Amino acid sequence: LCIGNTLAHLHDLTEIESFFADVAKMPAPGGRFIFQVVNFDRLSPDFLPDFPVIEKGNVRFLRQYKWSEDHTAIRFITTLENLSDNTSQTGECRLFPAKKEQLSKALLASGFSNQRWFGNYKGEAFTTESPAAICVAKSSG
């Protein structure tokens, strides 16, 4: 189980392929591997999604995506504001925007031949406009 856009924190497709190869060694024959990432297929140099501001009590959490200069990675910028003392902290990390086709090929190469893809947690079919890419992959071994 790999939920919450964790895969995007790997550096590139080679690291994702290596991770999938390691995961493939874990489940029993016919076991399942489930993961979720942001649907990076819907992002483009001209479009990055806006995130809603999360506010709870005296704390506000802001999130923003920005493309790297060469458009091969996304900068994920977060700011946590303390509204009671007017202070804030900002952090940034790099995300690798792997697309569904890249992920599917990497899964196949690792022995996950049976894949079901969904676009959200309601179980709706994946499309290029879906908010998420959720995969239930069954090992071949």
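A few comments on the model shown:
- Residue count for region 78-89, restricted to those that are assigned to a strand (DSSP E or B) and either surrounded by 11 or more Cβ atoms within 10 Å (Cβ to Cβ) or among the charged types (D, E, K, R) (or both): 6
- Qualifying residue in region 26-37 (condition: over 16 Å from VAL136 (Cα atoms) and of a type outside the set (A, V, I, L, M, F, W, C)): no
- Filtered residues of region 18-56 (kept if closer than 24 Å to CYS2 by Cα, part of a strand (DSSP E or B) and open to solvent by 80 Å² or more (accessible area, probe 1.4 Å)): ARG32, ILE54
- Test: residue in region 97-104 that is in contact with an Asp or Glu (Cβ under 7 Å, 6 or more places away or on another chain), outside any loop (DSSP other than H, G, I, E, B), in contact (Cβ under 8 Å) with a residue 60 or more places away in the chain and under 17 Å from ALA24 (Cα atoms): no
- Number of positions in region 105-131 that are modelled with pLDDT of 95 or more, open to solvent by less than 30 Å² (accessible area, probe 1.4 Å) and over 14 Å from the mean Cα position of the chain (by Cα): 2
- Options GLU92, GLU69, GLU15; residue that is in a loop (DSSP other than H, G, I, E, B) and acidic (Asp, Glu): GLU69
- Residue within region 93-102 that is over 20 Å from GLU15 (Cα atoms) and at pLDDT 95 or above present: no
- Per-region count, region 26-83, residues at pLDDT 95 or above, among the aromatic types (Phe, Trp, Tyr) and farther than 18 Å from HIS9 by Cα: 1
- Residue check for VAL59: of a type outside the set (Gly, Ala, Ser), open to solvent by less than 40 Å² (accessible area, probe 1.4 Å) and in contact (Cβ under 8 Å) with a residue 24 or more places away in the chain: no
- Residue that is nearest to ALA73 (Cα to Cα), among those in region 1-12 that are outside any loop (DSSP other than H, G, I, E, B), touching a residue at least 40 places away in the same chain (Cβ under 8 Å) and open to solvent by less than 40 Å² (accessible area, probe 1.4 Å): ALA8
The values are calculated or read from the model by the stated rules, or taken from the named source; none is laboratory data. Quick caveat, the model's predicted, so the values are computed rather than measured. Counting neighbours? That spans all protein chains shown, and the Cβs are built from the backbone with ideal geometry, glycine included. Keep in mind that these areas ignore ligands, DNA and RNA; they rest on the heavy atoms of the full protein, side chains included. Shrake-Rupley method; radii C 1.70, N 1.55, O 1.52, S 1.80 Å.
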